[in-house]
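Step one of this worksheet: look at the structure below.
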Amino acid sequence: MNIHIPRGTQDILPGEVEKWQLIEKKARELCEKFQYKEIRTPIFEHTELFLRSVGDTTDIVQKEMYTFQDKGDRSLTLRPEGTASTVRSFVENKMFGYADQPVKLFYMGPMFRYERPQAGRYRQFVQFGVEALGSADPAIDAEVIALAMSIYQSLGLKQLKLIVNSLGDKESRQAHKDALINHFKPRIEEFCSDCQNRLEKNPMRILDCKKDREHELMKSAPSILDFLNEDSKKYFDKVQKYLTDLDIKFEVDPNLVRGLDYYNHTAFEIMSESEGFGAITTLCGGGRYNGLVEELGGPETPGIGFAFSVERFIAALGAEKIDLQMDEGIDCYLVSLGEEAKDYTVGLLHKLRREGFSAERDYLDRKIKTQFKAADRLKAKYVAVLGEDELKANKINLKSMETGEQKEVPLDSFVEEFKSIVKH
Ligand code: HAM
């Protein structure tokens, strides 16, 4: 029986993995500039963590979690997202006591959701995310959004649309919730069973329903923006002002609700507007979650963050036909002929590598011509040829593959010579 990869997962093979590394590298570099520090948390957590944070009426908790009992009969869950774990760790490690506030963190790693696999939707995917904890300054909202946009732009993505909304504070949300219940209740039986369940507990999620999207009551539903109290309105105005100051274009979309329960005030998504992009256009999502730290046992602490998947980032690069120039080629390929020469290249190769060069040799006892072909495939900048005659004469033939120029170099000082020719 052949064993296949599980549905909704993928192998990232050499040739493709370099794109992942480049995205990770750019994201790390920008986090360094914006002063976000890496945090690594476990892949699995107590199930309770996600019930309390993501919310027990959300699709993630209701349908998508990989939950299992371990041998000690504890209920554990493969993390579906990174905010809950980061906040748990913030509380557990008393980061609220750090001298430097806000605490600005980033993470990168696999997340798991039992979703119906399709283009851009996997059961295991890699999220890169940031969380800034400890500041309720709208400038940090703008900073977080600017960081997300900068990461996309650093790799050349242009066809992006940023949408923002405010979900308001507790008071504003309650007023909006009451208005939504009044709006939908008289005709709730015309909606799907999910929406019927959401009506009392979380009516805002009705606005995000894919099945009932076209229902006339959706279009006339009360907008959160009409229910923002003075403080929430002021906060949202400030976020918009800062985004404008930073030259970041955005659209306000009052229907942007987000699929997780912990949000309030600022919510945002970055979409791909590229034509070739699939049905799921959201690249990145985030928002503010004041109250979550308290919910998980910490002191009152505001927070905001975002996450995007590397999978969708790569799909967006493909849709915009951005060709990442990654394969620069190796510095030197050692071609050898005859047993003694081959023996000699074992040590020579290692010396080159110890000096910091990328280098390779033949391991299949191939003919000279085939070794040259291998050097071509590796895009070698130089090929050094060592045969029995050269070995006897203490020489090696160095050829630049770019210019075709050839040169005899003394074998015992080859690495020194190579260093002076190739500056790296
Ligand atoms: P989310 O909107 O559930 O938010 O996911 C954020 C991003 O993760 C999505 O925009 C998408 O790029 C990626 N993503 C989600 N599900 C999948 C999937 N099945 N396959 C591929 N990519 C996927 C969160 O996770 C929040 N924790 C974001 C956040 C951080 N909010 C505040 N801080």
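Only the coordinates and a few stated rules stand behind these numbers; no lab work does. Here the structure is a predicted model, which is why all the values come from computation and not from measurement. Cβ atoms come from the backbone with ideal geometry, glycine included; neighbour counts cover every protein chain shown.
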Problem - Separation of the residue 406 and residue 200 label points, Cα + 7 Å toward Cβ, nm - result: 8.8 nm
Handout entry: Rounded FRET efficiency, nearest 0.05, which uses the C-beta distance separating residue 153 from residue 93 and R0 of 35 Å
Key = 0.60
Completion exercise
With Cα coordinates, the longest principal axis of the chain makes an angle with the long axis of helix 83-92, in degrees rounded to 10, of 90 degrees
Problem - Directionally averaged projected area (convex hull, Cα atoms, the chain), nm² - result: 28.4 nm²
Fill in the blank from the handout: Full extension between residue 373 and residue 321 adds, at 0.36 nm per residue less the Cα distance, a length in nm of 15.8 nm
Problem - Two-site label geometry, residue 139 and residue 216: point separation in nm, points 7 Å out along Cα→Cβ - result: 5.0 nm
Problem - FRET efficiency, residue 187 to residue 51 (Cβ-Cβ, R0 25 Å, nearest 0.05) - result: 0.25
Practice task
List the relative contact order of the chain as a percent without decimals, with contacts defined as Cα pairs under 8 Å and 6+ residues apart.
Solution key: 15 percent
Completion exercise
A correct fewest-to-most ranking of 34, 191, 50 by other Cβ atoms within 10 Å would be 34, 191, 50
Handout entry: For the chain, calculated [θ]222 nm from helices alone, where every DSSP H run of n ≥ 4 adds -39500 (n - 2.57)
Key = -10500 deg cm²/dmol
Handout entry: Positive-pole candidate from 305, 110, 162, dipole of the chain, charges at beta carbon
Key = 110
Problem - Euclidean distance of C-alpha centroids, the range 357-424 and the range 159-185, integer Å - result: 66 Å
Handout entry: Estimated inter-spin distance, residue 5 and residue 246, nm [label 7 Å along Cα→Cβ]
Key = 3.4 nm
Exercise for the section: Starting from the Cα-Cα distance between residue 230 and residue 366, subtract it from 0.36 nm times their residue separation and give me the gain in nm to one decimal. Expected result: 41.3 nm
Exercise for the section: Mind sorting 232, 150 by how few other Cβ atoms lie within 10 Å of their own Cβ, fewest first? Expected result: 150, 232
Exercise for the section: Determine the dipole magnitude for the chain: charges of +1 sit on the beta-carbon of Lys and Arg, -1 on that of Asp and Glu, nothing else is charged, the reference point is the Cα centre, and the result goes in debye to the nearest 20. Expected result: 440 debye
Practice task
Within 10 Å of each residue's Cβ, count the other Cβ atoms and sort 98, 289 from fewest upward.
Solution key: 98, 289
Practice task
Add +1 for every Lys or Arg and -1 for every Asp or Glu among the other residues with Cβ under 12 Å from the Cβ of residue 47, and state the total.
Solution key: -1
Practice task
Specify the angular offset, from 0 to 90 degrees and rounded to the nearest 10, of the alpha carbon long axis of helix 17-34 from the longest principal axis of the alpha carbons in the chain.
Solution key: 60 degrees
